[in-house]
Amino acid sequence: MATGTHDYTIDSRNDEILIWVNGELKPRAQAVVSVFDSGFVLGDGVWEGIRVSGGHPAFLEAHLDRLFEGATALMLDIGMTRAELTAALYDTLAANDMHEGVHIRLMVTRGVKATPYQDPRLTIGPATVVIIAEHKEPLPITVTEGITLFTTHVRRATPDTLDPRLNAHSKLNDITACIQAYTAGADEALMLDPQGFVATCNSTHFFIVVETPGGPEIWTSDGRFCLAGITRANVLTMSRAAGITAVEKTFTLTDVYSASEAFVTGTFAGVVPVRTIDGRTIGTGRRGPMVERLQGLYADLLAADVAGCS
């Protein structure tokens, strides 16, 4: 069984990859940043995880939108245009001869600081930009057999403390939730919002399938306390286009435990079923018909997006 949506098969080709660091392609062992870098010292930065298919970064415009929106909120000057970042991504893929089964981590920090202290005015250089592209695919069993979740006591932050919609480098809130989940024997964490309603998972977005007199519906949180997920948005859009009722709303764990199916979404593994939550079997405990249908719809959506890049 998988132990999380980001489980992958180790690929020896990743030992020799070239990594883009501030405009230079460097071997993995030489790809480093300063110990005074804002990202290392403070977690001050934004990032994107991007799937590559057919030689193209999938849903790239949406990822760049989120990256620049986050940077604007943090008053962080990326120092590169969208076109320049796009060229850098393609240069990294070309340098590594990568076309399929690739996952990119695009990271931007505020840059090097004069001394390790939080004040952004102590930054003495341009932003640090790093692109890591790896040969990396989810385990097939993750997609078919799914994962288990545990609801943690660690809640999602409110926007006036750390806006959960920001894809910031600081992930300590999610990390502590993840630790509690796996020490409880589950794969990943299900997290509640400050009022106790279901919000999201520590590294993916959460959905349930609810049977109604009018047919099955998919529910996800109202979005106020979760990351502005690219795959989440795509699943909502494609579901509605396919005639599936897809609702963003507040709901509780009582709704979750009685759902006919549950699943999570993320850039790396797409749509992944959930077998159990807090020791309770969801539906049959196996991938259900709605999840299987959504996986097919998502594969078609992904293919159509990268086909438009050719």
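Helix 230-241 sits at what angle to the longest principal axis of the chain, using alpha carbons and giving 0 to 90 degrees rounded to 10? That helix lies at roughly 40 degrees to the long axis.
When you filter the GluC sites (Glu not before Pro) in the stretch 208-310 for DSSP loop state and at most 12 other Cβ atoms inside 10 Å of their Cβ, nothing is left. Couplings 3J(HN,Hα) of the stretch 274-287, computed from phi: 10, 8, 9, 9, 6, x, 9, 6, 8, x, 8, x, 10, 4 Hz, in residue order, whole Hz [Karplus 6.51 cos²θ - 1.76 cosθ + 1.60, θ = phi - 60°; x for Gly and Pro]. Under 5 Å from the amide H of L192 lie the amide H atoms of T152, R156, A199, each residue being 5 or more positions distant or on a separate chain, with H modelled from the backbone and absent for Pro and chain starts. The phi-based Karplus calculation (6.51 cos²θ - 1.76 cosθ + 1.60; θ = phi - 60°) puts the 3J(HN,Hα) values of the stretch 188-201 at 9, 9, 9, 10, 9, 7, x, 8, x, 7, 5, 10, 6, 9 Hz, whole numbers, x for Gly and Pro. Here's how it looks for S53: its modeled amide H is under 5 Å from those of A58, which are all 5 or more places away or on a different chain.
For the stretch 144-151, putting each phi into the Karplus relation 6.51 cos²θ - 1.76 cosθ + 1.60 with θ = phi - 60° gives couplings of 8, 9, x, 10, 10, 10, 9, 7 Hz, in residue order, rounded to whole numbers and with x for Gly and Pro.
If R0 equals 45 Å, the separation of the Cβ atoms of L253 and E84 corresponds to a calculated FRET efficiency of about 0.50. Helix 289-307 axis versus longest C-alpha principal axis of the chain: approximately 30°, rounded to the nearest ten. Exposure proxy ranking for D193, D119, D160, D255, based on other Cβ atoms within 10 angstrom of each Cβ and starting from the fewest, stands as D160, D119, D255, D193. Size of the stretch 170-310 from its Cα atoms: along the principal axes, largest to smallest, the extents are 43, 41, 27 Å.
Antiparallel beta bridges, as assigned by DSSP with both residues in the chain, represent about 85 percent of the total such bridges. In plain terms, if you count all Cα to Cα distances in the stretch 122-174 and split them into 5 Å steps from zero, the share in each step is 4, 10, 13, 12, 18, 20, 13, 6, 3, 1 percent. Packing, taken as the mean count of other beta carbons within 10 Å per residue, orders the peptides 131-142, 26-37, 146-157 from highest to lowest as 146-157, 131-142, 26-37. Taking 0.36 nm per residue of separation and subtracting the Cα-Cα distance, full extension of the segment from Q118 to R293 would add 58.3 nm. Fully extending the segment from D97 to A184 would add 27.2 nm, taking 0.36 nm per residue of separation and subtracting the current Cα-Cα distance. Spin-label model, N22/E69: points 7 Å from Cα along the beta carbon direction are separated by 3.0 nm. Counting neighbouring beta carbons within 10 Å and listing from fewest to most, the residues M75, M290 come out as M75, M290. With Cα atoms as the point set, the chain shows a radius of gyration and Dmax of 19.6, 63 Å.
Among T212, T86, sorting on how many other beta-carbon atoms sit within 10 Å of each Cβ, with the fewest leading, yields T212, T86. The angle between the Cα long axis of helix 172-183 and the main principal axis of the chain comes to about 50°, on a 0 to 90 degree scale.
Every number in this text was worked out from the coordinates using simple rules, so none of it is lab data. Everything numeric in this text was worked out from a predicted model, so none of it was measured. A quick note on method: Cβ atoms are made from the backbone with ideal geometry, for glycine too, and the neighbour counts reach across all protein chains shown.
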